[in-house]
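Chemist: Below are the structure tokens for one structure; questions will follow.
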């Protein structure tokens, strides 16, 4: 081939123009054109592929299977890069525009090629009917889109990747050897064998749910989603056991969802989300359920916080700010400062009775005690009748009576007790004093004359306690005061003879006294002498030997 | 009578004024007595007055030894005569209250019940004084349930105001045969847990409502204090077997009393000094106990 690209393009065009029935019957010319077309495509894709063993597609002498294998080898590494690029473009849609502007023309050409490739695929591989249909539909959708150009590159890359993804159903960890899809199939078969669950039934249910949810979406989308879901269900555990998706997320589901969202815009996002939620319900773990519960609680609480509080939670509430009679329904709690009244229980009664019994046994009562009071009146003197014969004769009795009447002081005292007598005297004195204090007109009792010695004291001192004036008139009569004898003459009156007689008398008296004194002195001296001598143990003059 | 009352009141005030000096003297005498008893030297501050005080101590008898306070003075001579009590109610008493007062008449020996009618309190008290009553007891009610008791000692004695709770009357116990008649012997008294000064005072007031009993009487009246609530119980006991077996049979009404005021005059003297009044609104009132433990 001199101009491979052109020949290739021509080949593609040629393929496109042939009738579909003609494609069914194997013909060598058609086959040759197909090979050239695929070679062309291969070489187109080659620059994008990171590393490929083939420079170009070797078609001579290879059958369909081998050619496909070669294409596979080329496109496999592309997948991850394409996926990454798609994600990146998803996040930054403005970049896509820039990219698009650059590669507009290239894409136009590419697009056409793509369409032709589609048809070729359809005719070459009957097994992939569904997918091709999908692709067709997908393509149609793409064309329907507003930003058709925008999506075209994505469409191309996604096309490839979608196919691959549809086929594989995994991300990241998948490679040639570990295929999640196969793993899941194996696990499902195993569990079905073990538990004997009806997987198919569950899948059908899921499908129904999803169909219900998707009201907003277009029919095409629905179909596509259904198909997607079918596919997903095959590879997914419908029995709600913990699976890979529970931990790492059901990535398969999100990818087609994402695609559809990208293609359809944001209108169906909510539907898709519901979809996602509904799908999740089927396979929730306990942890997820708890989280859900918590979430709902949190929402409720937040809602409650936003509303105004009930009146019981507000601070000072007057009657106007709360509903009528609402205070009657609420159990209001007041702090009481008094101890509550005691409720009389059996135990309290029993304890009181025990205490009473104890007291009775001990005999310890709290009755009033009689306080011994002072007698206000003296005990009456009981006079006892003396039954002995009276010692005194009748005459003597009369004698005593007479003396008492005439001379009371001389009468014998009739008191039995000396002490009584003393006490009565003291009391009389006391009474006299009190009377003197309390009477305005005090008259002392008449003094009974008894033979008592009169002291030479002023009269007032004896009679009156509170003397108003001091008098020096003695109680004694003048003749008692006077201690002289006979007629008293003044000095002027005394005669000569009288004077002489007095002097002589005085002398005689003095002499008598002097003699007496002398004798007394002499006697004293001898006594003293004897005494002194006695001390020295000397024998007195009139001693033993005299 | 009026002049006698005036004189008695003056004497009382005089004795009250002397109290301080007497107490000082009493303390000195007590110290000397102690020193003599223990054989220790007499404290130095009393050395000068020691001789005179010693003489006084020798002359003392049991009456003069204890210094008299004016506080329980009203009951100083109360033990000489048996108490004579007048029972009556508030105005327009209901039937249950009348029954309760009838029961109380049997509880207190030597008690008389009169109808209240429309008499004024001061009239009642005057006539009581004239007739030589020692105490007057007034019972109040709330819708048939007795809820107040006022005990007033008569010459011019203290008045104690009680509130009644948990009243169970003999009439409530329908079975008349089981209860039987109430004995009227002079009862023994048990006053439990009256420990503070106020408790002693209350105990005194309650004690002097009853006469002195015979030692072998079987009737017991109990006033048991528990955290300021005084329980009134009325029992008869029997000793069956040995000395330790006692069987109590409860007769008579049972109620809890709560003291809320003591005044130093009679009921009609509204301006009398308040000796003690309950203060429930204080923050610490829940923690304090005024009558006993």
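Chemist: What are the residues in the range A:60-113 that are assigned to a helix (DSSP H, G or I), at pLDDT 80 or above and closer than 30 Å to residue A:27 by Cβ, if any?
Modeler: Listed by number, the residues that qualify are A:64, A:65, A:66, A:67, A:68, A:69, A:70, A:71, A:72, A:73, A:74, A:75.
Chemist: For the range A:493-502, state whether one or more residues are in a loop (DSSP other than H, G, I, E, B) and at pLDDT below 80.
Modeler: No, the range A:493-502 has no match at all.
Chemist: Continuing with this model, one more query. Is it the case, given these coordinates, that residue B:256 is free of Cβ contacts under 8 Å to residues at least 12 places away in the same chain, touching a strand residue (DSSP E or B) at 6+ places or on another chain (Cβ under 8 Å) and facing chain A (nearest Cβ under 10 Å)?
Modeler: no
Chemist: Can you find, within the range B:206-224, the residue that is surrounded by the fewest Cβ atoms within 10 Å (Cβ to Cβ) among those that are touching a residue at least 60 places away in the same chain (Cβ under 8 Å) and over 16 Å from residue A:353 (Cβ atoms)? Give the steps one after another, and end with the answer.
Modeler: The initial filter retains those residues of the range B:206-224 that are touching a residue at least 60 places away in the same chain (Cβ under 8 Å), namely B:208-212, B:221.
Filter again for over 16 Å from residue A:353 (Cβ atoms), leaving B:208-212.
Working: B:208: 20, B:209: 21, B:210: 22, B:211: 17, B:212: 13.
Here the residue is B:212.
Chemist: Looking for something facing chain B (nearest Cβ under 10 Å), under 25 Å from residue B:166 (Cβ atoms) and either exposed (fewer than 13 other Cβ atoms within 10 Å of the Cβ) or in contact (Cβ under 8 Å) with a residue 40 or more places away in the chain (or both) - is there at least one such residue anywhere in the range A:323-337?
Modeler: Among the residues of the range A:323-337, at least one is facing chain B (nearest Cβ under 10 Å), under 25 Å from residue B:166 (Cβ atoms) and either exposed (fewer than 13 other Cβ atoms within 10 Å of the Cβ) or in contact (Cβ under 8 Å) with a residue 40 or more places away in the chain (or both), which makes the answer yes.
Chemist: Something else: Those residues that are facing chain A (nearest Cβ under 7 Å), in a loop (DSSP other than H, G, I, E, B) and at negative phi, I need them from the range B:220-242; list them, please. Don't jump to the end; show me each part of the working.
Modeler: First pass over the range B:220-242, keeping only residues facing chain A (nearest Cβ under 7 Å): B:220, B:222, B:224, B:226-227, B:229, B:231, B:233, B:235, B:237.
Imposing the further condition that a residue be in a loop (DSSP other than H, G, I, E, B) reduces the set to B:227.
None - no residue of the range B:220-242 is facing chain A (nearest Cβ under 7 Å), in a loop (DSSP other than H, G, I, E, B) and at negative phi, so the list stays empty.
Chemist: Something else about it: Just checking, which of B:13, B:8 is exposed (fewer than 14 other Cβ atoms within 10 Å of the Cβ), part of a helix (DSSP H, G or I) and in contact (Cβ under 8 Å) with a residue 40 or more places away in the chain?
Modeler: Answer to the selection: B:8.
Chemist: Which one of these does residue B:261 not meet: (1) in contact (Cβ under 8 Å) with a residue 40 or more places away in the chain; (2) at the interface with another protein chain (Cβ under 7 Å from one of its Cβ atoms); (3) assigned to a strand (DSSP E or B); (4) surrounded by fewer than 19 Cβ atoms within 10 Å (Cβ to Cβ)?
Modeler: (2)
Chemist: Residues of the range B:267-293 being in a loop (DSSP other than H, G, I, E, B), away from chain A (no Cβ under 14 Å) and surrounded by 11 or more Cβ atoms within 10 Å (Cβ to Cβ), which ones?
Modeler: Passing the criteria: B:267, B:268, B:269, B:272.
Chemist: Related question: Which residues, taken from the range B:243-253, are assigned to a loop (DSSP other than H, G, I, E, B) and free of Cβ contacts under 8 Å to residues at least 12 places away in the same chain?
Modeler: So the first thing to find is which residues in the range B:243-253 are assigned to a loop (DSSP other than H, G, I, E, B), and the list is B:243-246, B:251-253.
Within the range B:243-253, B:243, B:244, B:245, B:246 meet the criteria.
Chemist: Does residue A:348 qualify as being in a helix (DSSP H, G or I) and either surrounded by 13 or more Cβ atoms within 10 Å (Cβ to Cβ) or modelled with pLDDT under 95 (or both)?
Modeler: yes
Chemist: Given the structure, is residue A:22 outside any loop (DSSP other than H, G, I, E, B) and surrounded by fewer than 17 Cβ atoms within 10 Å (Cβ to Cβ)?
Modeler: Considered against the rule, which asks whether it is outside any loop (DSSP other than H, G, I, E, B) and surrounded by fewer than 17 Cβ atoms within 10 Å (Cβ to Cβ), residue A:22 comes out as yes.
The values are calculated or read from the model by the stated rules, or taken from the named source; none is laboratory data. For clarity, every value in this text was computed on a predicted model and none was experimentally measured. Reconstructed Cβ throughout: ideal geometry from the backbone, glycine too, with neighbour counts over all protein chains shown.
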